[in-house]
Amino acid sequence: MKVNINSPIGAAFHSFGGVVCAGAVLLIASSAQAQTYTALDDPLGVNGTFAYGISGNNIVGYYNDSSGYHGFLYDGSTYTTLNDPLGVHGTFASGISGNTIAGFYYDSSEIIHGFLYNGSTYTTLNAPHSNLSYASGVSGNNILGYYTDSSTGFYHGFLYDGSTYTTLTDPLGVYGTIASGISGNNIVGYYTDSSLNDHGFLYNGSTYTTLDDPLGVNGTYASGISGNYIVGWYSDSSGNSHGFLYDGSTYTTLDDPLGVNGTYAFGISGNNIVGYYFDNSYNVHSFETSIEPVPEPSTLALSALGGLLLFRRRK
């Protein structure tokens with residue numbers, strides 16, 4: 001990080017100099033954000049575990065064993081398998097809010113249907129005018145997802161309030177819109193434009209705002225939202241995938257140290273993020289990471305100045 005000597009912090013650095021100010025520079029330089037990664041692998045997921053959604057201490061996703069794909073719920077200590085009775089060819093949990101879980105399943109004819117699970121009952125969700133329906137997120141009574149249009153084959157997002165399906169289509173999404181994360185009235189996802197390029201978006205109920213990570217020259221994909229934080233992944237100039245955290249002004253890259261073949265961030269709740277990565281053998285594993293904001297640079301500068309004044313007073 002470069003220090004602008006015309007800024008208040010830079011002026012303090014320039015004026016006081018010496019060892020104390022060098023220490024201040026180190027503090028400022030480390031003010032990115034601290035990241036720690038914890039592995040999340042369902043013991044039954046011998047062929048991979050994919051974490052997709054988080055709400056408080058509860059995490060959902062799916063794993064792959066010798067018989068196929070199964071959803072899971074992890075409460076911090078125990079993994080519980082989730083199998084929709086109609087999901088003969090697989091169940092995939094993708095979103096959670098409180099005790100409500102959303103996802104999708106493949107039926108006996110390998111047709112995809114969304115589902116809502118309240119802890120005891122699975123309810124099928126099929127968007128109108130669709131061939132395939134996916135439920136991707138839930139917030140309170142609102143269920144988010146996307147479907148394929150039966151006439152064009154393109155994807156459209158949807159919002160379901162328990163009685164009505166509302167289609168979500170980014171005006172720039174000429175070749176499709178996928179809605180993947182919801183928090184209150186805010187929705188995130190990604191769209192494919194007229195040049196077949198992919199971009200993330202934020203929709204606040206009236207306006208679509210494009211989200212492009214500066215490093216995502218081959219695509220940006222927003223997947224989860226919590227308050228002012230948005231997570232997802234991007235594809236860089238070499239086609240490699242990296243997770244990201246966006247706080248409304250700054251994009252921070254999220255790379256699990258073991259994810260040498262790609263890191264994907266999908267869900268966020270508060271400061272906790274879940275997703276999955278591919279290791280050096282292309283095996284897939286899930287992770288949870290906590291992003292803890294550090295003090296603002298101005299606070300660090302004041303701390304350094306206070307320390308210097310205390311040093312001078314004692315001397």
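Which condition number in (1) crowded, with 20+ Cβ neighbours inside 10 Å; (2) at pLDDT below 50 is the one that Ala11 fails?
(1)
Count, please, the residues in the range 138-177 that happen to be in a strand (DSSP E or B) and at pLDDT 95 or above. Spell out the reasoning first.
The first filter runs over the range 138-177 and keeps only residues in a strand (DSSP E or B), leaving 138-139, 142-149, 155-160, 165-168, 177.
Still in the running and at pLDDT 95 or above: 138-139, 142-148, 155-160, 165-168, 177.
Counting residues in the range 138-177 that are in a strand (DSSP E or B) and at pLDDT 95 or above gives 20.
Just to be sure before I move on: is Thr124 of a type outside the set (Lys, Arg), assigned by TED's automatic domain parsing to the domain that holds Asp212, touching a His at 6+ places or on another chain (Cβ under 6 Å) and in contact (Cβ under 8 Å) with a residue 12 or more places away in the chain in the structure I sent?
Working: of a type outside the set (Lys, Arg): yes; assigned by TED's automatic domain parsing to the domain that holds Asp212: yes; touching a His at 6+ places or on another chain (Cβ under 6 Å): yes; in contact (Cβ under 8 Å) with a residue 12 or more places away in the chain: yes.
So Thr124 fits the description; yes.
Which residues, counting only those in the range 145-201, are among the β-branched types (Val, Ile, Thr), closer than 20 Å to Thr124 by Cα and within 19 Å of the chain's Cα centre (by Cα)? So that I can check it myself, show each step before the final result.
First, the residues of the range 145-201 that are among the β-branched types (Val, Ile, Thr): 148, 152, 164, 166-167, 169, 174, 177-178, 182, 187-188, 192.
Filter once more, so that each one left must be closer than 20 Å to Thr124 by Cα: 148, 164, 166-167, 178, 182.
Hits for the range 145-201 are Ile178, Ile182.
Residue-wise test of (1) free of Cβ contacts under 8 Å to residues at least 12 places away in the same chain; (2) among the aliphatic types (A, V, I, L, M); (3) surrounded by 15 or more Cβ atoms within 10 Å (Cβ to Cβ); (4) out of contact with any Ser or Thr (no Cβ under 9 Å at 6 or more places or on another chain).
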site	(1), (2), (3), (4)
Tyr175	no, no, yes, no
Gly200	no, no, yes, no
Tyr203	no, no, yes, no
Trp233	no, no, yes, no
Phe244	no, no, yes, no
Thr250	yes, no, no, yes
Val260	no, yes, yes, yes
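Counting only residues that are without any contact (Cβ under 8 Å) to a residue 24 or more places away in the chain and over 21 Å from Asp256 (Cα atoms), give me the strands (runs of 3 or more DSSP E) lying completely in the range 40-98 with at least 1 of them.
Filter on the range 40-98 gives 58-65, 68-74, 79-82.
Any idea which residue in the range 195-248 is farthest from Gln35 (Cα to Cα), counting only those that are β-branched (Val, Ile, Thr) and outside any strand (DSSP E or B)?
Here is the first cut: in the range 195-248, the residues β-branched (Val, Ile, Thr) are 207, 209-210, 217, 220, 225, 230-231.
In the following step, the residues that additionally are outside any strand (DSSP E or B) were identified as 207, 217.
Details: Thr207: 32, Val217: 24 Å.
Here the residue is Thr207.
Among the candidates Gly153, Gly140, Gly181, single out the residue that is crowded, with 18+ Cβ neighbours inside 10 Å and touching a strand residue (DSSP E or B) at 6+ places or on another chain (Cβ under 9 Å).
Exactly one residue qualifies, and that residue is Gly181.
The values are calculated or read from the model by the stated rules, or taken from the named source; none is laboratory data. Here the structure is a predicted model, which is why all the values come from computation and not from measurement. In this analysis, Cβ positions are derived from the backbone assuming ideal geometry, glycine residues included, and neighbour counts consider all displayed protein chains.
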